[in-house]
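Structure record follows, encoded as structure tokens.
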Amino acid sequence: MTSVEEAVSLLKDKLGSKVIECKTPKPRRAYVLMKSGYHRDAISLLLETFDETGVSTITGTDLGSEIELNYHIRCRGPVVTIKNKVPKEKPQIMTITDLIPGAALYEREVFDLLGVVFQGHPDLKRLILSDDWPEGSYPLRKDWDPQILEKNAHNLGGQSSIVNGGEVEGATSSVVKVIVGPQHPALHEPERFSFKIDGEVVVDVEPRLGYVHRGIEKAAERLMFFQDVHLVERICGICNAAHTICFSQAVESIGNIEIPPKARYLRTIIHELNRIHSHLLLLGVTGFELGYEPLFQYVWRDREPVLDIIEMITGNRLLTAFNTIGGVRRDLKPDIHEKIKKTMNKLKKQMRFYKNIIEEDPSLRLRTRGVGILKPSSAKKLCVVGPVARGSGISMDIRRDDAYAAYDEIPFNVITYEDCDSWARLMVRAEEIVESIDIINYVLDHVPGGPYRVKVPRKQPEGEAVSRVEAPRGELLHYVKSDGSAYPYRVKVRSPTLANIISFREIIRGSYVADIPAALISLDPCFSCTDRMAFVDVNNDRKWHWSLNDIKRLKKRS
Amino acid sequence: MPIDLVFFLRVLIFPGFAFLLAFSLFCDWFERKVRARMQNRMGPSYTGPIGLLQPIADYIKLLTKEDIIPAQASRLLFTVAPVLALSLFVFTFYYIPIDGLNIIPNSSFEGDLILVLVLITIAEFTMFLSGWSSTNPYSGIGATRVLTQFLGYDIPLIVFAIGPAFLSGSLSMATIAKKQTVPFVALTPWTFILFLITLQAELGKDPFDIPHAETEIVAGYVTEFSGRKLAFIEIAKDIQVVLGAALVTVLFLGGPYGPVLLGPSAIWYTFWFIVKVLAVIFLLEYVGSVAARLRIDQVVKANWRLMMPISLLALALTIVCEPLLSPLVG
């Protein structure tokens, strides 16, 4: 495994004069500030030297007169953050998509939210903000004023956001454009895909994200660290524990807080329970998407006891509010150990049954084997994470490579499949549930005594930290920068879906329309992203907003 | 048959229109309940005793909903297709012996089996038309899927139907049913099983619910329908299921004929008819519960490469076995 010292000395040797500053404050973390414009050399050097190197994300931070760009490059375990600064008046920088295509969406995100222009990017356009967002307004810049939205309210809900399907491209072509979403039975969250379809074959697809963008990164800057824990928990209802653990770790790393051993074990339990119910949810949804409803109903029935356990431990079924900076918020009483073990062993038996179904059932095999192929080489290039990468034979698991919580003391296997198809990704998840059950049983036997929480001051020292956890959907990254106050200066969240959705185009091109749900669901997409309701009458271009009172009035009238 | 009160009672009340409607709604409930129990769910249970009135409640709800015709749709076809689908299925039912007689007694003739198969084909085509007339990409894909799938399984279905006709030496549904002193399911089980699988595809049930696969193409060919038109299509589909099950009953299970114990035979015949149809629906639901939805190309391949030769082989087998079986045919 690559060590962070190796990476740093390599950069210093080969690009010595271009490296301005180099810090390694924590194990497996390095922050390297490069001379302006030399980030490409550093990144390509890392990509060439170390196998399994990918870009985790790009963080843009407004530092007043300049914008700092942090390229978080993961060399399996260590994360090397290559820093580069661009002036705010003329924020331009060379793209890295030609070095590593997986950075395409991250560059679009920074362009969208901070207005940095990536020269040479093949398709630089909005990623998450709506199409009617005012031009030249970049919400993550510190001088951004929300008033601009009020001033431009008459422009919101413009024509540009409406796309019509069914248009035939060219008179002789048989290609039809079909819009799937934002509302569609196969999607459980709003998201738009425009497919180009020739008969029953998919020619191309373009996803559009951002339908539920809530501006959490901006909101996080206005809340104190301990409040932000509850904010990041609401990024995703399913993998909430992963988000809170990840954020807490980042802040603990900035503040040099050592959490008690018991807290590390309790975090592991809740994290694994989270993974189990997330994977079970996905297996059920897969059954639904493939028209195998009994599988859906059975798996979701068996998911309930897991939620009951989470409720027993934390008091809530889904949003657990269990982790906090400095440990966890509740103790695990020894009297429920037995109950958890009993449920887990029952679930393990059921999992054998479900695994058998996925492995053996001929109709499921017909629909998932050889569908949605993602070759290991493309998986590496596109920097996919989690079960998607492991289904393509890439052994990558943050729990092992960049151990956190109690994972360095727990024996477990990293499941990989070489089949590279939807079926492999399903099998990875099914087997991971069994692994998670074993981890929970092990943790219950080895929970140390002592306190489960340490007191943490509200103010954190100046600093920055990259924290990674293996969320159920893959690598989750939080980058937190503190300026010495009780409020974070910048919080950056890269959820696993953003890393994986880029591979959808690769997966679906050339396959059948009927494979769309099977392939999409095998990525386990979870789209987090505006909430105000705007109504548009397309025919006469009238736009208006409805307040809650208007709706109440209407309701009374009817 | 003279056109008198009895004629009207037979056509409109029993075993005609009202009975068919009530029976189809009951079968709808039965289907949903069976499917729910298979999936470890409750199924309809609130409206009426054990949820029996749920299908009626659903249709009343649909009738109160707004009826929308898309601006681009072909208005005439869009309006006529649902009505046509329902009337064709109801009309087909008039050739099925229910209480030992047809709905209009003595309307059965030599060759009505062919008429029924043709009518089912035309009714299937109205479903394609309903999707094609609504000019929605999802409906369009759904409609082409109806036709593609249908081209594959319609021929095997007809070939399988030849088996019972050959054994009984008649093309009249009533005669085929009457001749089964030993039901043909016992004589030619191979044809029965294959006929059931093909029927599963014909009815668009799992694993062949490709034309209305909701996670791929929303509701397929019915996507643009709402209100009364949707109610017409849904009830047509209900009757189609009962019709399919009735076809199996007549061709393989001896139709309405069974032991008569006490009282008038018509009541017993109706009873046996209902029991057999429900048994067939149970089988259909059972198969539907243990399989994932297939893909259209897989179904087309399976139909042309497998089902076609198999159907011909099954027919050949029936013909070869005919001398052995004929003593058992009444």
Taking the stretch A:301-315 and keeping only residues that are surrounded by fewer than 21 Cβ atoms within 10 Å (Cβ to Cβ) and either within 23 Å of the chain's Cα centre (by Cα) or not assigned by TED's automatic domain parsing to the domain that holds residue A:249 (or both), one is left with A:303, A:307
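Got a number for residues in the stretch B:285-300 being assigned to a helix (DSSP H, G or I), within 7 Å of chain A (Cβ to nearest Cβ) and under 13 Å from residue B:197 (Cβ atoms)? Walk me through how you get there before you give the answer.
The initial filter retains those residues of the stretch B:285-300 that are assigned to a helix (DSSP H, G or I), namely B:285-289, B:296-300.
After this cut, where a residue has to be within 7 Å of chain A (Cβ to nearest Cβ) as well, the list is B:289, B:296-298.
Then drop every residue that is not under 13 Å from residue B:197 (Cβ atoms), which leaves none.
Summing the residues that are assigned to a helix (DSSP H, G or I), within 7 Å of chain A (Cβ to nearest Cβ) and under 13 Å from residue B:197 (Cβ atoms) in the stretch B:285-300 gives 0.
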Tell me which residues, restricted to the stretch B:121-158, are under 18 Å from the mean Cα position of the chain (by Cα), among the β-branched types (Val, Ile, Thr) and buried (at least 21 other Cβ atoms within 10 Å of the Cβ). B:126, B:146
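Taking the options A:386, A:450, name whichever one is at pLDDT below 90, of a type outside the set (S, T, N, Q) and surrounded by fewer than 18 Cβ atoms within 10 Å (Cβ to Cβ).
From the options A:386, A:450, the qualifying one is A:450.
I need the full set of residues from the stretch A:191-203 which are part of a strand (DSSP E or B) and more than 24 Å from residue A:112 (Cα to Cα), in order please.
Residues of the stretch A:191-203 that are part of a strand (DSSP E or B), as a first pass: A:192-198, A:201-203.
Within the stretch A:191-203, A:196, A:197, A:198, A:201, A:202, A:203 qualify.
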What do you reckon, is residue A:268 under 26 Å from residue A:496 (Cα atoms), in a helix (DSSP H, G or I), within 11 Å of chain B (Cβ to nearest Cβ) and touching a helix residue (DSSP H, G or I) at 6+ places or on another chain (Cβ under 9 Å)? no
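Taking the conditions exactly as written (β-branched (Val, Ile, Thr), outside any helix (DSSP H, G or I) and within 22 Å of residue A:444 (Cβ to Cβ)), does residue A:343 satisfy them or not? Outline the logic, then answer.
Values: β-branched (Val, Ile, Thr): yes; outside any helix (DSSP H, G or I): no; within 22 Å of residue A:444 (Cβ to Cβ): yes.
Here the answer is no, as residue A:343 does not meet what is asked.
Can you pull out every residue in the stretch B:288-318 that is β-branched (Val, Ile, Thr) and modelled with pLDDT of 85 or more?
Once the filter is applied, which keeps residues that are β-branched (Val, Ile, Thr) and modelled with pLDDT of 85 or more, the stretch B:288-318 yields B:310, B:318.
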Residue satisfying condition, being within 14 Å of chain B (Cβ to nearest Cβ) and either in contact with a Lys or Arg (Cβ under 8 Å, 6 or more places away or on another chain) or closer than 21 Å to residue B:209 by Cβ (or both), within set A:303, A:329, A:365: A:365
Across the stretch A:22-49, which residue is surrounded by the fewest Cβ atoms within 10 Å (Cβ to Cβ) among those that are closer than 18 Å to residue A:383 by Cβ and over 24 Å from the mean Cα position of the chain (by Cα)? A:48
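Are any residues in the stretch B:41-65 within 14 Å of chain A (Cβ to nearest Cβ) and either surrounded by fewer than 17 Cβ atoms within 10 Å (Cβ to Cβ) or basic (Lys, Arg) (or both), and if so, which ones? Don't jump to the end; show me each part of the working.
The initial filter retains those residues of the stretch B:41-65 that are within 14 Å of chain A (Cβ to nearest Cβ), namely B:41-43.
Of everything in the stretch B:41-65, those that are within 14 Å of chain A (Cβ to nearest Cβ) and either surrounded by fewer than 17 Cβ atoms within 10 Å (Cβ to Cβ) or basic (Lys, Arg) (or both) turn out to be B:41, B:42.
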Residues that are out of contact with any strand residue (DSSP E or B) (no Cβ under 7 Å at 6 or more places or on another chain), buried (at least 24 other Cβ atoms within 10 Å of the Cβ) and at pLDDT 90 or above: does the stretch A:279-293 have at least one? yes
Residues in the stretch B:260-283: is at least one touching a Lys or Arg at 6+ places or on another chain (Cβ under 7 Å) and not β-branched (Val, Ile, Thr)? no
For the stretch A:455-476, does any single residue satisfy the condition of being basic (Lys, Arg) and under 21 Å from residue A:83 (Cα atoms)? yes
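Mind listing just one residue for me: the one in the stretch A:411-436 that is in a loop (DSSP other than H, G, I, E, B) and among the hydrophobic types (A, V, I, L, M, F, W, C) and, of those, nearest to residue A:326 (Cα to Cα)?
It comes out as A:412.
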Working only within the stretch A:471-497, note down all residues that are surrounded by fewer than 24 Cβ atoms within 10 Å (Cβ to Cβ) and among the hydrophobic types (A, V, I, L, M, F, W, C). A:486, A:493
Counted residues in the stretch B:95-120 being within 18 Å of the chain's Cα centre (by Cα) and among the polar types (S, T, N, Q) come to 1
Which number in (1) modelled with pLDDT of 80 or more; (2) more than 14 Å from every other protein chain (Cβ to nearest Cβ); (3) surrounded by 13 or more Cβ atoms within 10 Å (Cβ to Cβ) marks the one condition that residue A:202 misses? (2)
I'd like to know if the stretch B:188-210 contains one or more residues that are within 11 Å of chain A (Cβ to nearest Cβ), assigned to a helix (DSSP H, G or I) and surrounded by 22 or more Cβ atoms within 10 Å (Cβ to Cβ). yes
Taking the stretch B:6-40, which residues are within 14 Å of chain A (Cβ to nearest Cβ) and farther than 22 Å from residue B:59 by Cβ? B:37, B:38, B:39, B:40
Failed item in (1) over 17 Å from residue B:274 (Cβ atoms); (2) in contact with a Phe, Trp or Tyr (Cβ under 6 Å, 6 or more places away or on another chain), with residue B:55 passing the rest: (1)
Quick check on this structure: which one of B:44, B:55, B:70 is more than 26 Å from residue B:7 (Cβ to Cβ), modelled with pLDDT under 85 and not aromatic (Phe, Trp, Tyr)? B:70
When you look at residue B:219, is it surrounded by fewer than 21 Cβ atoms within 10 Å (Cβ to Cβ) and within 13 Å of chain A (Cβ to nearest Cβ), yes or no? yes
Please work out which one of (1) within 14 Å of another protein chain (Cβ to nearest Cβ); (2) modelled with pLDDT of 85 or more; (3) surrounded by fewer than 19 Cβ atoms within 10 Å (Cβ to Cβ) is the condition residue B:282 fails and give its number. (1)
Out of A:408, A:331, report the one residue that is under 27 Å from residue A:247 (Cβ atoms) and assigned to a helix (DSSP H, G or I). A:408
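Take the residues of the stretch A:278-300 that are over 25 Å from the mean Cα position of the chain (by Cα) and assigned to a helix (DSSP H, G or I): which is farthest from the other protein chains (Cβ to nearest Cβ)?
Taking the stretch A:278-300 and keeping what is over 25 Å from the mean Cα position of the chain (by Cα), we get A:291-295, A:297-298.
If we keep only those that are assigned to a helix (DSSP H, G or I) too, we end up with A:293-295, A:297-298.
On the way: A:293: 6, A:294: 5, A:295: 8, A:297: 4, A:298: 6 Å.
Step by step, filter the stretch A:278-300, then rank; the result is A:295.
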So residue A:261 passes all but one of these: (1) buried (at least 24 other Cβ atoms within 10 Å of the Cβ); (2) away from every other protein chain (no Cβ under 14 Å). Which condition number does it fail? (1)
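The values are calculated or read from the model by the stated rules, or taken from the named source; none is laboratory data. It should be emphasised that the depicted structure is a prediction, and the values quoted were computed from it without experimental measurement. Cβ atoms come from the backbone with ideal geometry, glycine included; neighbour counts cover every protein chain shown.
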